[in-house]
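Have a look at the structure below before the remarks.
The values are calculated or read from the model by the stated rules, or taken from the named source; none is laboratory data. What you see is a predicted model; the values in this text were computed from it and never measured. Here the Cβ positions follow ideal geometry from the backbone for every residue, glycine too, while neighbour counts run over all protein chains shown. To get the accessible areas, we keep the full protein, side chains included, count just its heavy atoms, and leave off ligands, DNA and RNA. Shrake-Rupley method; radii C 1.70, N 1.55, O 1.52, S 1.80 Å.
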2 protein chains.
Amino acid sequence: MAKEKARDLRAGVALLWGEQDQPTRGPKPSLTPHRIAEAAVAIADAEGLDAVAMSKVAAEFGVSAMALYRYVPGKAELVQLMVESVLAPAPDLSAVGEGWRPQIIEWARRSAKIHRSHPWLLAATAMRRQLMGPNQLAWLDAALAALEPAGLTAAQQHRVFVLVAGLVRTLVQQQLDFDEEHSQEWIRLTGELLGRHADRFPALTRAIAAGAFAPDTVDPLEFGLDRILDGVQTLIDRA
Amino acid sequence: MAKEKARDLRAGVALLWGEQDQPTRGPKPSLTPHRIAEAAVAIADAEGLDAVAMSKVAAEFGVSAMALYRYVPGKAELVQLMVESVLAPAPDLSAVGEGWRPQIIEWARRSAKIHRSHPWLLAATAMRRQLMGPNQLAWLDAALAALEPAGLTAAQQHRVFVLVAGLVRTLVQQQLDFDEEHSQEWIRLTGELLGRHADRFPALTRAIAAGAFAPDTVDPLEFGLDRILDGVQTLIDRA
DNA sequence: CGCAACTGCTGATGAGATAAACAGTTTTGG
DNA sequence: CCAAAACTGTTTATCTCATCAGCAGTTGCG
């Protein structure tokens, strides 16, 4: 997780923002960072982020692993490109109509949808503070724009964004976990354990008995948004 | 991230819950899973989760890497033990007084404190749905117990827990990122980029100009809790 | 034309997890 | 008391990956 790989932040920036000058001499490049990222995305979608090995991505193009290093400084930067690739295009919330609340809700829904479509995205963005690419920034911009009409202070606006973005991450993670194959086995084992130690976890035992962990018709994301945005509304009203 | 390592879930369970029978024959074990986990925690605290290599942990005890496999099925299980180790003891909120709100707030504060003290904890628990050990369950139990007086349905209670736990994770992550050494460099670079593309990110540019990202006297955790719990209160009042 | 700037390749290195087989230790059943 | 069983720790050996170095072929500019 915490690999020191400062390398040269600047190299990554140039790549992420497409601010590189095209070479004139030499053989024509047969690849582009973008195509490489897309191939990597395909692998990650199908087999998870761990399956994205330089050699495997390279194989998609029939070249050796080292060939990729002509296009991408290293794996970390490749993952960044994958993220950018998947975040395009940034959401356009102009059709959602007026009001900060519907707009930020729509933002959250779209964000959640992308994260669900690319289960590795959470892990890819969970890592160290990364420099954000244009698309990541565009998503941030869209959220802030949505919140502007709420009339919060700039600092509050930022904090609300963090809450909503965090909510999306949390709930998508939950859902992905639940959908996972081992999930049933996990639930069974945990239930068994709990039965054996019910006295140590009284509140949990009660909650389970009352169906707290049973499948639920309410979308947890909608529930969370309602709570958070109600809280924000309270803040606005109070001002 | 997504390594298939079902191995035998049961082995991990037994280990995590200390449900293993002590061997009688053979040489006395010189270590215990618990001592190993503590050494690993020390390493992770000092150098990050990536620095926790079997060989490095083993070196702490002057034994070979493979010796650890006599105590722990593999690295994944070791990380689980580290988590359990760090989550002990479970929080006792009985001294906090009455009321669901102060109690769940206290729960969140203590959870945040532990996560801040062990920056690797977030990464360690971010992974695949893991089987929870007794201490992890005890934390869950404590949170549910705190929420009981609120009079929510069991399902709502669970959802609120998820919101609060997610909030803690989100905000600790933020704070850890910010404290990181490269942070300043990151902020500078991002600012530079933003200046060069201000027109593409109007809302963001406005927000920054208005100080949205400036250091803030408000604790983001308290802010988030206030919003979420206000939202929960609204839900309760409505019922 | 000849070199500089490139592209892709092969081979090497080093980190890490972990499997396999072995040697020494201790306990217990006969 | 002794030998086999049950263990502990060790050495060796694989495997998977990222990534560095150095090489060979390509191409466009001066």
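Observations on the model:
- Residue satisfying condition, being facing chain B (nearest Cβ under 8 Å) and modelled with pLDDT of 95 or more, within set A:R128, A:R159: A:R159
- Meets criteria (within 13 Å of another protein chain (Cβ to nearest Cβ), over 19 Å from B:F161 (Cα atoms), within 16 Å of DNA strand C (Cβ to nearest atom) and crowded, with 16+ Cβ neighbours inside 10 Å) for B:A123: yes
- Elements of type helices (runs of 4 or more DSSP H) in the range A:32-127, at least 1 residues being within 16 Å of DNA strand D (Cβ to nearest atom): A:33-47, A:54-60, A:75-87, A:120-126
- Of the residues making up the range B:131-151, those that are open to solvent by 30 Å² or more (accessible area, probe 1.4 Å), more than 9 Å from chain A (Cβ to nearest Cβ) and farther than 15 Å from B:M82 by Cα are B:P149, B:G151.
- For the range B:171-204, the set of residues classified as touching a residue at least 12 places away in the same chain (Cβ under 8 Å), facing another protein chain (nearest Cβ under 9 Å) and open to solvent by less than 30 Å² (accessible area, probe 1.4 Å) consists of B:L171, B:L194, listed by residue number.
For every residue, the table says whether it meets (1) crowded, with 18+ Cβ neighbours inside 10 Å; (2) at pLDDT 95 or above; (3) more than 25 Å from the chain's Cα centre (by Cα).
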residue: B:G62; (1), (2), (3): no, yes, yes
residue: B:Y69; (1), (2), (3): no, yes, yes
residue: B:K75; (1), (2), (3): no, yes, no
residue: B:Q80; (1), (2), (3): yes, yes, no
residue: B:E98; (1), (2), (3): no, no, yes
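- Tabulated pairs, the range A:46-67, first in the same structural domain as A:L122 (by TED's automatic domain parsing) and aliphatic (A, V, I, L, M), second open to solvent by 70 Å² or more (accessible area, probe 1.4 Å) and within 8 Å of DNA strand C (Cβ to nearest atom), C-beta under 8 angstrom, 6+ apart or interchain: none
- Residue that is farthest from DNA strand C (Cβ to nearest atom), among those in the range A:1-41 that are at pLDDT 90 or above and among the charged types (D, E, K, R): A:E38
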